Amino acid sequence: MKSVTSLVILGLLVVLVFMGCNGYNGLVKQDEVVKKAWNNVQAEYQNRNDLVGNLVNTVKGAANFEQKTLTDVIQARAKATSVNINADNLSPEKIAEFQQAQNGVSSALSRLLVSVEAYPDLKAVGNFTQLQGQLEGIENNIKNSRKIFNDAVNVYNTKVRSFPMNILGNMFGFKPKEGFAADAGAEKAPVVDFSK
């Protein structure tokens with residue numbers, strides 16, 4: 001009778017250990033998916049930053065362009081490249097810092113592209129037109145990478161917070177991660193008024 005009880009207990013322990021190992025490996029795998037998605041997001045932003053340098057040089061060389069607009073783009077790019085976040089430290093504060101720096105580049109680029117409208121000679125430069133087209137493609141890639149990253153974070157967070165993985169995850173230091181959020185004020189529709 002004792003040997004049957006011992007075998008049952010041993011069997012339960014083996015099953016629990018197997019489930020624990022399987023759960024742990026699942027958390028590790030999903031954590032790696034999040035890290036890969038984050039690296040892809042950073043790569044897309046790096047592509048944009050590389051392109052911004054070429055775009056600024058083209059604008060500088062093609063016209064007597066507004067210096068403040070160029071300076072704003074250069075400074076925003078420098079700030080964005082200085083914000084490096086390790087995939088192991090995706091805290092809400094770090095994600096917000098990264099997003100704010102990247103929004104600065106987006107804003108400065110928007111002002112640059114609007115300013116270009118006053119320079120028809122610049123718009124006729126083939127290199128500028130090509131770079132502008134590449135920039136649009138990269139912006140789409142950034143949006144897609146951010147979505148894929150948020151999806152990976154969602155799957156990871158669901159796994160980390162679900163029972164019994166939440167117990168195992170806490171034991172081994174797996175914490176929920178932060179994804180990208182909408183920009184402040186994005187929930188409000190812009191007001192369009194043509195009466196003025």
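The values are calculated or read from the model by the stated rules, or taken from the named source; none is laboratory data. Please read all numbers here as calculations on a predicted model, not as lab measurements. Because the Cβ atoms are built from the backbone with ideal geometry, glycine has one as well, and the counts that use them run over all protein chains shown. Heavy atoms of the whole protein, side chains included, go into the accessibility calculation; ligands, DNA and RNA do not. Shrake-Rupley method; radii C 1.70, N 1.55, O 1.52, S 1.80 Å.
Residues in region 22-44 that are out of contact with any Leu (no Cβ under 9 Å at 6 or more places or on another chain) and within 30 Å of Asp72 (Cα to Cα) were compared, and the one that is surrounded by the most Cβ atoms within 10 Å (Cβ to Cβ) is Val41. Scanning region 128-165 for residues that are in contact with a helix residue (DSSP H, G or I) (Cβ under 7 Å, 6 or more places away or on another chain), farther than 25 Å from Arg48 by Cβ and β-branched (Val, Ile, Thr) yields Val155, Val160. Residue-level analysis places Lys123 outside the set of residues that are in a helix (DSSP H, G or I), at pLDDT 85 or above and open to solvent by 50 Å² or more (accessible area, probe 1.4 Å). Annotation: of all residues in region 128-144 being more than 16 Å from the chain's Cα centre (by Cα) and of a type in the set (A, V, I, L, M, F, W, C), the one that is surrounded by the most Cβ atoms within 10 Å (Cβ to Cβ) is Phe128. Residues in region 145-177 that are open to solvent by less than 70 Å² (accessible area, probe 1.4 Å) and either among the β-branched types (Val, Ile, Thr) or over 13 Å from Gly23 (Cα atoms) (or both): Ser145, Arg146, Phe149, Asn150, Ala152, Val153, Asn157, Val160, Gly173, Lys177. Got at least one residue in region 45-59 being modelled with pLDDT under 80, within 30 Å of Leu113 (Cβ to Cβ) and open to solvent by 70 Å² or more (accessible area, probe 1.4 Å)? Checking region 45-59: at least one residue is modelled with pLDDT under 80, within 30 Å of Leu113 (Cβ to Cβ) and open to solvent by 70 Å² or more (accessible area, probe 1.4 Å). Give me the residue from region 95-120 that is small (Gly, Ala, Ser) and assigned to a helix (DSSP H, G or I) and, out of that set, modelled with the lowest pLDDT. Across region 95-120, the extreme among qualifying residues is Ser115.
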